[in-house]
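Reading through the structure tokens given below for one structure.
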Amino acid sequence: MTEEEISREYEIVDRAKRDPAAFGVLYEKYFDRIFNFIYTQTDDEDLTADLCSQTFLLALGNVHKYEFRGVPVSAWFYRIASNEVNKHFNKTKSRKVYSLDEVHLRTLFEREEEDYSEETVMRLIEFMKDLSSEMLEVLQLRFFEEKEFKEIAFILDISESSAKMRTYRALDQLRIKFKVIVRDGKE
């Protein structure tokens, strides 16, 4: 996102502080992204719809408190969504699902300009299910939501160096496992 785009969004936020109807522009722009972000962690459309609605209601209710933090406005929505998802799973004492599909992984493979078999992709998906939810969330934000480390740090309320460290640790675990998959599968 360019500085100009970020500036335009802050102008919308400022208008929304005086006129809540202005918030609709941001809602329309980010609803699908936030919905998908939540859905990959719940794999339940009804729950996702509830958590997404709660995210935007909280944002609208707190727009008057919003302050520039050096990240796009979208990071604020992701942060609220992440907190709402975490609250839900803490309350229900259940574990996040992370429904990472083949399309997401193929996107990563395309960046590496490699072509892997269906079996290899499916085995990697199975391995990713064993990663901690912290690692999965940071990978999701970095690669599927294409967030910068500064945004990830803001969203997860951690330092930028911690965001980088989590990402690289998760990637290291994937690389180690992937080498085993490729070696055993003779890719």
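Key figures
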read-out: Tally of residues being among the small types (Gly, Ala, Ser) and in contact (Cβ under 8 Å) with a residue 60 or more places away in the chain across region 36-73; value: 1
read-out: In region 65-95, the residues that are among the β-branched types (Val, Ile, Thr) and farther than 20 Å from GLU11 by Cβ; value: ILE80, VAL85, THR92
read-out: Matching residues, region 2-48, being hydrophobic (A, V, I, L, M, F, W, C) and within 16 Å of the chain's Cα centre (by Cα); value: PHE31, ILE34, PHE35, PHE37, ILE38
read-out: Per-region count, region 30-42, residues in contact with a Phe, Trp or Tyr (Cβ under 9 Å, 6 or more places away or on another chain) and either β-branched (Val, Ile, Thr) or over 19 Å from PHE143 (Cβ atoms) (or both); value: 4
read-out: Lone qualifier among LEU51, LEU26 - being buried (at least 19 other Cβ atoms within 10 Å of the Cβ) and under 30 Å from LYS129 (Cα atoms); value: LEU51
read-out: Residues of region 146-175 that turn out to be among the polar types (S, T, N, Q), exposed (fewer than 15 other Cβ atoms within 10 Å of the Cβ) and in a helix (DSSP H, G or I), as a count; value: 1
read-out: One residue from GLU84, GLU45 being under 27 Å from GLU5 (Cα atoms) and of a type in the set (Asp, Glu); value: GLU84
read-out: Residues satisfying the stated conditions in region 63-75, i.e. loosely packed, with under 12 Cβ neighbours inside 10 Å and touching a Phe, Trp or Tyr at 6+ places or on another chain (Cβ under 9 Å); value: PHE68, GLY70
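Readers should treat all values here as calculations from the given coordinates under stated rules, not as data from a laboratory. Computed from a predicted structure; not experimentally measured. Don't worry about glycine lacking a Cβ; one is built from the backbone with ideal geometry, like all the others, and counts go over all protein chains shown.
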